[in-house]
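Here the structure comes first, spelled out in structure tokens, and everything after it is commentary.
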Amino acid sequence: MEIEYMTQEGLDKLKKELADALAQRPVISAAIAEAREKGDLSENAEYDAARDAQGLLEVKIARLKNKVASARVIDESKLSTDKVQLLSKVKVENLANKAVMEFTIVGETEADFSKGRLASTTPIGKALMGHSKGETVDAQVPSGIMKFKILEISL
């Protein structure tokens, strides 16, 4: 099992998603029972759909349970701003177009690029990890190599 580091907020969100999925079990069981009462199961599309939904739900529950079990909450009080690490807020300059961007480096489950939350497993996230303010890093992206200068690191 691979450990996944995240914030307490991220773990709470995962736990809520798991609780919501578990709450769907009785709903789907009732749908299966109702469809079963309608007769011949070999030609019962409702029954097949309910069984498929149950299978998908069980896969989702298993996946969420594994994520919760492998989650480790990062103690933010032990983080520093010397180098880019998980939960670092990083301001970088794209040296090709001089665009300045800000990211918070997070685990995969908490990534949301539209909110500036960049997964540490992305090419840019990997390139930034472990580097210090003032350093220039190369990120291998599908379109080629992007160069970034780290302008600022904060928490």
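The values are calculated or read from the model by the stated rules, or taken from the named source; none is laboratory data. Just so it is clear, the structure is predicted and the values come from calculations on it, not from any experiment. Cβ: placed from backbone, ideal geometry, glycine included. Neighbour counts: every protein chain shown.
Condition test on GLU93, is it under 28 Å from LYS126 (Cα atoms), surrounded by fewer than 14 Cβ atoms within 10 Å (Cβ to Cβ) and not aliphatic (A, V, I, L, M)? Taking the combined requirement at face value, the residue does not satisfy it. Among the residues of region 70-88, write down those that are more than 16 Å from GLY130 (Cβ to Cβ), surrounded by 11 or more Cβ atoms within 10 Å (Cβ to Cβ) and among the basic types (Lys, Arg). Listed by number, the list holds a single entry, ARG72.
Could you check, for region 16-27, whether at least one of its residues is over 30 Å from LEU87 (Cβ atoms), out of contact with any helix residue (DSSP H, G or I) (no Cβ under 6 Å at 6 or more places or on another chain), surrounded by 11 or more Cβ atoms within 10 Å (Cβ to Cβ) and without any contact (Cβ under 8 Å) to a residue 60 or more places away in the chain? Walk me through it before giving the result.
Step one: filter region 16-27 for residues over 30 Å from LEU87 (Cβ atoms), giving 23-27.
Add one more test, that the residue is out of contact with any helix residue (DSSP H, G or I) (no Cβ under 6 Å at 6 or more places or on another chain), and what stays is 23, 25-27.
With the extra rule that they be surrounded by 11 or more Cβ atoms within 10 Å (Cβ to Cβ), the set shrinks to 25, 27.
Okay, now just the ones that are also without any contact (Cβ under 8 Å) to a residue 60 or more places away in the chain, so 25, 27.
Among the residues of region 16-27, at least one is over 30 Å from LEU87 (Cβ atoms), out of contact with any helix residue (DSSP H, G or I) (no Cβ under 6 Å at 6 or more places or on another chain), surrounded by 11 or more Cβ atoms within 10 Å (Cβ to Cβ) and without any contact (Cβ under 8 Å) to a residue 60 or more places away in the chain, which makes the answer yes.
Here VAL84 qualifies as in the same structural domain as LYS133 (by TED's automatic domain parsing) and out of contact with any Pro (no Cβ under 6 Å at 6 or more places or on another chain). Scanning region 1-26 for residues that are assigned to a helix (DSSP H, G or I) and either at pLDDT below 85 or among the charged types (D, E, K, R) (or both) yields GLU9, ASP12, LYS13, LYS15, LYS16, GLU17, ASP20, ARG25.
Whether any residue in region 57-65 is at pLDDT 90 or above, in the same structural domain as LEU14 (by TED's automatic domain parsing) and acidic (Asp, Glu) is what I want to check. Yes: region 57-65 contains one or more residues that are at pLDDT 90 or above, in the same structural domain as LEU14 (by TED's automatic domain parsing) and acidic (Asp, Glu).
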